[in-house]
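To start, the structure under review is shown below, and the notes come after it.
The values are calculated or read from the model by the stated rules, or taken from the named source; none is laboratory data. Everything numeric in this text was worked out from a predicted model, so none of it was measured. Virtual Cβ from ideal backbone geometry, glycine too; neighbours counted across all protein chains shown.
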Amino acid sequence: MAFLQTHEVSMRFGGIDALNGVSISAEPGLVTGLIGPNGAGKTTLFNIITGLQPPTSGQVFLDGRDVTSVSVYRRARLGIGRTFQRLEIFGSLSVRDNIRVTVEVRRRWSRQRIDIKHETDAILARVGLEEFAKVPADTLPTGSARLVELGRALATRPRLLLLDEPGSGLDAAETEAFGLLLADLAQDGLAVLLVEHDMDLVMKACSHLMVLDFGELIASGTPEEIRANQQVQDAYLGAEEPPVGSITEPGLAGAGTLP
């Protein structure tokens, strides 16, 4: 059963439909991809799921519960963890302290008996940042800084992980390692919803893909089905003639090509 479900979610800004009747889901144990050109509505949908923006219409369900009117912090406590397109870390703190602070906050609101040092060390190891534990976060390269943000999200012990372009700034080796990490997190039972422009990462990491274009869900299926979908090809390429068997995203620096 899906942990996350949105039902006919729409968002209107003035005369613009940012989202129009979008219904998606994310299941525990799977990495689900949400892709589409810039401006398709992906981040707006993330904001609605987390409660940062109320939808114009539609509903959001977590574990079968309607949370459309539930506050941001209560949704977080129900199991949502998130990273952002723009890095959101405490730059002046060390990598360890970035994660430790989040663990301490969770211990306060959850009232659980949590060994803060053990939990922090475990998360550092999980995201591969042990050697950078004492380094100020704002001195890290972008790829490592994104792992700090992921570690902070994991420190909340989420059931649903929303990742907004986490592959941005990663080199090829880091991207490969990140894809393996996502697979491990899903194996642990997390529902992972991934917004990403690196198509190679998306195709390797995701079991299921959903495609937004101009605020509408235009396709949903396995990576193989999405790769072969002509409507997706048209949304990404317009009138341009693509190489046989490939799709790309125009105007996206570093966007991958699907083999």
Here's a check for you: in the range 81-105, which residue that is surrounded by 15 or more Cβ atoms within 10 Å (Cβ to Cβ) and of a type in the set (Ser, Thr, Tyr) is farthest from residue 157 (Cα to Cα)? 94
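Rundown of residues vs (1) buried (at least 19 other Cβ atoms within 10 Å of the Cβ); (2) modelled with pLDDT of 95 or more, yes/no style:
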{"residue": "178", "(1), (2)": "yes, no"}
{"residue": "182", "(1), (2)": "yes, yes"}
{"residue": "193", "(1), (2)": "yes, yes"}
{"residue": "198", "(1), (2)": "yes, no"}
{"residue": "206", "(1), (2)": "yes, yes"}
{"residue": "210", "(1), (2)": "yes, yes"}
{"residue": "217", "(1), (2)": "yes, yes"}
{"residue": "220", "(1), (2)": "no, yes"}
Return the residue satisfying two criteria in turn: it lies in the range 155-176 and is part of a helix (DSSP H, G or I) and under 28 Å from residue 39 (Cα atoms), and of such residues it is nearest to the chain's Cα centre (by Cα). 175
Considering residues that are in a loop (DSSP other than H, G, I, E, B) and either of a type in the set (Gly, Ala, Ser) or at pLDDT 90 or above (or both), the number found within the range 222-251 is 8
Name every residue in the range 50-72 that is without any contact (Cβ under 8 Å) to a residue 40 or more places away in the chain and either part of a helix (DSSP H, G or I) or not assigned by TED's automatic domain parsing to the domain that holds residue 13 (or both), in order of residue number. 72
Selection from the range 180-200 of residues more than 19 Å from residue 49 (Cβ to Cβ) and in contact with a strand residue (DSSP E or B) (Cβ under 9 Å, 6 or more places away or on another chain) yields 183, 197, 199
Just to confirm my filter: which strands (runs of 3 or more DSSP E) fall fully inside the range 1-49 and include at least 1 residues that are hydroxyl-bearing (Ser, Thr, Tyr)? 4-13, 31-35
Select from the range 1-34 the residues that are at pLDDT below 95 and either β-branched (Val, Ile, Thr) or surrounded by 19 or more Cβ atoms within 10 Å (Cβ to Cβ) (or both) and list them in ascending order. 16
Just the residues that are closer than 17 Å to residue 145 by Cβ and among the β-branched types (Val, Ile, Thr), please, taken from the range 104-134. 123, 127
